[in-house]
Amino acid sequence: MPAQAFTSNSGYFQKLEFVSETLIPGPGLSSLSLCYVTRDLLIMGHTLTSDIQGYALSSDGCNQQLERHFSPEQIVTAQSDRMNLIDPAIPPVARNSLERNIRNYGLWLGVALALLAVILRRIKSLMGLDPRGPLRRKAAQRILTTMCHVAKCDGLVDAREMKLIARTARRLTGRVYPTSDVIRLADHLEIELTPHDFIGFGKGLRDREKDTMMQAVLFIAIADGKMLKSEYNFATELAHGLGMPGEDFRRVLNVALADLDTHIAA
């Protein structure tokens, strides 16, 4: 009994659901069955929701044949001691049970919460707040730039360092930079930096992004097993520019040292 079908097996459909046998006479010698009339939402033949709309009488056990709708007043009359045609325990008004409502709308609530979680995660990722998501593009680009700077402290960024910088950028920022981008950036860096330049590296960055920048710089500086004086000077000037206290600098250095065991280039 389609009520509002979008396709042959998707849409809203009116259905019958068996409630009880009655003593109300039907066609021939049979008695009519009392049914719920439901409004069901089907998607590709699967029932998503089923809402009770009222009562009806059926001559085929609530399979398909609806004889007539049955109002609450008629239910009360049929349940009276004088008539005694319907079980008096049946509620006169047909309505959804709590269990049915939970079954109906729990799915939609779950879908809504899942969508909300996806949206919030996307927003956090775009704002650089999701620790599992990529850093903001602005922050990732500056981290890449500072890695190129510290690699160039010895005067040359060789092929091995360029590959290491690209891999480290991907690992720490979640963004992919081809080695060709690293080469192009390293070739155009200013050698002489001022305190204002170091402050500019961290301008507008969040604490997590500043920590990642320092971790990346220290990792590149110690990747060959030692840290040159020029590399140390760059790292300490960067820490001053970022406003990073000494204890935070040491904490990030320990993280970078731990990274050597698992992330250093072969």
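The values are calculated or read from the model by the stated rules, or taken from the named source; none is laboratory data. These numbers were taken from a predicted model, which means no experiment stands behind them. Neighbour counts run over all protein chains shown; Cβ positions are idealised from the backbone, glycine included. When the accessible area is computed, the model is the full protein with side chains, heavy atoms only, and any ligands, DNA or RNA have been set aside. Shrake-Rupley method; radii C 1.70, N 1.55, O 1.52, S 1.80 Å.
Listed conditions (1) modelled with pLDDT under 85; (2) among the charged types (D, E, K, R); (3) more than 30 Å from the chain's Cα centre (by Cα) are all met by Arg132, apart from (3).
Looking only at the stretch 43-57, decide whether some residue is under 23 Å from Glu99 (Cα atoms) and aromatic (Phe, Trp, Tyr). Yes, the stretch 43-57 has at least one match.
Contact map, the stretch 211-224: residues that are within 15 Å of Thr236 (Cβ to Cβ) and among the small types (Gly, Ala, Ser) paired with residues that are open to solvent by 10 Å² or more (accessible area, probe 1.4 Å) and in a helix (DSSP H, G or I), Cβ distance under 8 Å, separation 6+ or inter-chain. Pairs shown: Ala221/Cys153; Ala221/Tyr232; Ala221/Phe234. As a summary of the residue check, Arg39 satisfies the conditions (1) in contact (Cβ under 8 Å) with a residue 24 or more places away in the chain; (2) part of a loop (DSSP other than H, G, I, E, B) except for the one numbered (2).
Scanning the stretch 81-97 for residues that are open to solvent by less than 80 Å² (accessible area, probe 1.4 Å), under 13 Å from Thr22 (Cα atoms) and either assigned to a helix (DSSP H, G or I) or not aliphatic (A, V, I, L, M) (or both) yields a single hit, Asp87. Residue count for the stretch 21-62 under the criterion of being open to solvent by less than 20 Å² (accessible area, probe 1.4 Å), of a type in the set (Ser, Thr, Tyr) and under 21 Å from Val76 (Cβ atoms): the result is 4.
Residues in the stretch 57-84 that are in contact (Cβ under 8 Å) with a residue 60 or more places away in the chain and more than 14 Å from Cys35 (Cα to Cα): Asn84 alone.
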